[in-house]
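Read-outs throughout are calculated quantities, based only on the coordinates presented, and are distinct from any laboratory measurement. These numbers were taken from a predicted model, which means no experiment stands behind them. Cβ: placed from backbone, ideal geometry, glycine included. Neighbour counts: every protein chain shown.
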Amino acid sequence: MRTIKVFSIILAVVSIGIVGTLSSVTAQQKNAIEKPLSSKQESMIAIAAIAAKGNLPKLKEELHKGLEAGLTINQVKESLIHLYAYAGFPRSIRGLQTFMTVLDERKATGINDEIGLKASLISDERSKYERGKAILEKLTGVQETASKTGYAAFAPEIEVFLKEHLFADIFERDVLTYAERELVTVSVLSSIGGVEPMLRSHLNICLNIGIATNQLQQFIETLKSVIGKKEAKAAHKVLDEVLKSKI
């Protein structure tokens, strides 16, 4: 009888501990979900979306806002470099040229913006293909298979370029976090339109790497305010499909 009583007490203590731990985890998850995008992240979204559109006068405005929000010169440069993989060199270069003008104007008025961190040297000795493959697996949470299908089977060269260049050369550069790069990516894809399968994939990646649902909804609202209702509505439709697939 004494043994049963002692066991009951131990079980009760353990149960209280588990409930307390679960409550703590739930609270942490709730805080993470409720956390909005920062003003810096919103500026990255705006800069990427507008640069992809090629609206340079409006881009100048958003570049000023981004620097005032605390983005470093290198963070802005990296965002504009990153978008070339999705919108092409011309849009990227015109964005960089516009940024150069903005920096010159700010220097002329006595504003010296923070340069920020440079990309770290890569010490990983694996091939670029293997490094890119590993990064893609981390982003998607899906293990790559040897057999290729779809466009990767039809044009194997582009699959190699994606691994070696996009996910190794570009994503390895730690000036931006993976989350920041994905926010830039979905902004560009939403802006150019007509690439819903790619947008769907990258919205899934956003969720996989910890960008919360409310943050993606905030991303849609930012799109609406900087590039228009049409693009925001199309992106919202894809986001709804992605979220429904998670239920």
With a point put 7 Å past each Cα toward its Cβ, work out how far Glu157 is from Val195 in nm, to one decimal.
2.0 nm
Over the Cα atoms of region 181-247, how large are the radius of gyration and the largest Cα-Cα distance (Dmax), in Å?
10.5, 30
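Starting from the Cα-Cα distance between Lys224 and Asp104, subtract it from 0.36 nm times their residue separation and give me the gain in nm to one decimal. Could the numbers behind the result be given before it?
Details: separation 120, 0.36 × 120 = 43.20 nm, distance 2.96 nm.
Using 0.36 nm per residue and subtracting the Cα-Cα distance, I get 40.2 nm.
Find the Cα radius of gyration of the chain, compare it with 2.2 N^0.38 Å by division, and give the number to two decimals.
After normalising by residue count via 2.2 N^0.38 Å, the value is 1.24.
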For a quick check, take a GNM of the chain with Cα springs below 10 Å and name the residue from Val226, Val76, Val184 with the largest mean-square fluctuation.
Val226
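Tell me, Met44, Met198, Met100 in order of fewest to most beta-carbon neighbours within 10 Å?
In order of increasing Cβ crowding within 10 Å: Met100, Met198, Met44.
When a footprinting reagent is the concern and you count Cβ atoms within 10 Å, what order do Arg106, Arg131 take, fewest first? Please list the in-between numbers first.
Numbers: Arg106 16, Arg131 20.
Ordered by Cβ neighbours within 10 Å, fewest first: Arg106, Arg131.
Would you work out the relative contact order for the chain, in percent, from Cα pairs under 8 angstrom that are 6 or more residues apart?
On the way: 257 pairs, mean separation 59.8, N = 247.
Taking the mean separation of contacting Cα pairs over the length of the chain, I get 24 percent.
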Rank these for me by crowding, Ile45, Ile93, going from fewest to most other beta carbons within 10 Å.
Ile93, Ile45
Relative contact order %, region 143-229, counting alpha carbon pairs below 8 Å whose residues are six or more apart
19 percent
Determine the alpha carbon to alpha carbon distance for each of Lys163/Lys246; Lys53/Lys244; Lys60/Lys163; Lys118/Lys244 and list only those over 31 Å.
Lys60/Lys163; Lys118/Lys244
